[in-house]
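Trainee: If you scroll down you'll find the structure; I have some questions about it.
Nothing in this text is a laboratory measurement; each read-out follows from the coordinates by a stated rule. Bear in mind the structure is a predicted one, so any value in this text is a computation, not a measurement. Please note: Cβ atoms are built from the backbone with ideal geometry, for glycine as well, and neighbour counts cover all protein chains shown.
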Ligand code: GUN
């Protein structure tokens, strides 16, 4: 069994990006600039945004954090999105989700100029991804592709089961695994809460990508000997054993599943660090105006 070290790969990629930024600056170019809008004080969102700002520093990017209180109006937020769309100094920006209930996430996402949508959430980027056109690919699926690439994991002709159908992970992941490219060329099955026989589907999978947000859902008896298991789960549950008072739980019963796998990602230290690094790569592309 090979443990996929997302932390080590992400550190390596940040170094590669920082090198490229150094070269850009040495040639008189501008550092890529990522802006992030954070509304409220949700613990998970605070942690993710802080990690994104820190990753920008490691990559040599400029970053701006724009904060609003929970009671910001949709109109104010849309105005800020419009300002960032027009700000020539900002190469790409994200609006951290979830947003408070009185604000339409879809409206906000669609207000972002797709050419600055480094999260890859805008319908234009999602649509382009689904037909294989250059676009910003959402960070988590892209991070998983990079892990498959760096560990040279074969995907062509394999049966890949994606657990979860979210717009951010499940759907784009399925589209990418079936694309005519490497990683891809897999036969993809998407399972969700209404799937009748999830265990049976998983048992025949060469690759399982678990992104349903249910701690320890994938059990050893659901996994074929030699399977590749990618765990996207990041459920934060209270814990008395950690300094932060929280512990991250993956969607896979790691202890019992790992011995059966050819490759597996841990939580934390697997997909999570790759997600942030994918956002950095999209920001670098945005700075270089390489896609649009
Ligand atoms: N909330 C959870 N994951 C993400 C992400 O990748 N981007 C944004 N903007 N919000 C999130």
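Trainee: Over segment 23-84, what number does the Rg to Rh ratio reach, with both radii from the alpha-carbon atoms and Rh per Kirkwood?
Mentor: Radius of gyration over Kirkwood radius for segment 23-84 works out to 1.08.
Trainee: Looking at segment 139-271, what % of its DSSP beta bridges pair antiparallel, to the nearest 5?
Mentor: Expressed as a percentage, antiparallel bridges in segment 139-271 total about 20.
Trainee: Further question: DSSP beta bridges in the chain, what fraction antiparallel, as a percent rounded to 5?
Mentor: For the chain, the DSSP antiparallel bridge percentage is about 10.
Trainee: Where the centroid of each part is defined by its Cα atoms, how far is segment 143-179 from segment 256-292 in Å?
Mentor: Comparing the Cα centres of segment 143-179 and segment 256-292, I get a distance of 12 Å.
Trainee: Could I ask something else about it? Using only C-alpha atoms and all pairs of different ones, pull out the Kirkwood radius for segment 53-147 in Å with one decimal.
Mentor: 14.5
Trainee: Which FRET efficiency value, to the nearest 0.05, do you get for residue 104 and residue 236 by plugging their Cβ-Cβ distance into 1/(1 + (r/R0)^6) with R0 = 35 Å?
Mentor: That pair, residue 104 with residue 236, gives E of 0.90.
Trainee: Among 281, 194, 236, 31, rank each residue by its count of other Cβ atoms within 10 Å, from fewest to most, as a rough exposure measure.
Mentor: Starting with the residue having the fewest Cβ neighbours, the order is 194, 236, 31, 281.
Trainee: Hey, another quick one. Using only Cα atoms, tell me the angle between helix 271-287 and the longest principal axis of the chain; keep it within 0 to 90° and round to the nearest 10.
Mentor: Long axis of 271-287 versus the principal axis of the chain: about 40 degrees.
Trainee: Which value in deg cm²/dmol, rounded to the nearest 500, describes the helix-derived mean residue ellipticity at 222 nm for the chain, given -39,500 (n - 2.57) per DSSP H run of n ≥ 4 and division by the residue count?
Mentor: -12000 deg cm²/dmol
Trainee: Still on this model: Round to the nearest 10 and give me the degree value, 0 to 90, for the angle of helix 74-86's Cα axis relative to the longest principal axis of the chain.
Mentor: Taking Cα atoms only, the helix is inclined about 80 degrees.
Trainee: Ok, one more. Beyond 16 Å, what percent of the Cα pairs of segment 232-275 remain?
Mentor: 43
Trainee: Same structure, new question: Placing one identical point scatterer on every Cα of segment 188-250 and ignoring solvent, what is log10 I(q)/I(0) from the Debye formula at q = 0.17 Å⁻¹?
Mentor: -0.63
Trainee: Please provide three numbers in whole Å: the alpha-carbon extents of segment 134-189 along the principal axes, with the largest listed first.
Mentor: Extents along the principal axes, in whole Å: 25, 22, 19.
Trainee: Taking the 0 to 90 degree range and rounding to the nearest ten, how far is the long axis of helix 139-150 tilted relative to the main principal axis of the chain, both from C-alpha atoms?
Mentor: 60
Trainee: I've got another one for you. Report the relative contact order of segment 29-128, percent, no decimals, based on alpha-carbon pairs under 8 angstrom and at least 6 residues apart.
Mentor: 32
Trainee: Can you sort 265, 140 so the residue with the fewest Cβ neighbours within 10 Å comes first?
Mentor: Going from least to most buried by this count: 140, 265.
Trainee: Shifting gears a bit: Order these by the 10 Å Cβ neighbour count, fewest first: 192, 33.
Mentor: Least to most surrounded, the residues fall as 192, 33.
Trainee: Quick one: divide the alpha-carbon radius of gyration of segment 139-271 by 2.2 N^0.38 Å and tell me what you get.
Mentor: My calculation over the Cα atoms of segment 139-271 gives 1.00.
Trainee: Right, here's the next one. For the chain, what does the equivalent ellipsoid look like in terms of its semi-axes, each the square root of 5 times an eigenvalue of the Cα gyration tensor, given largest first in whole Å?
Mentor: 31, 22, 19
Trainee: So what is the relative contact order for the chain, in percent, with contacts set as C-alpha pairs under 8 Å and at least six apart?
Mentor: So the answer I get is 22 percent.
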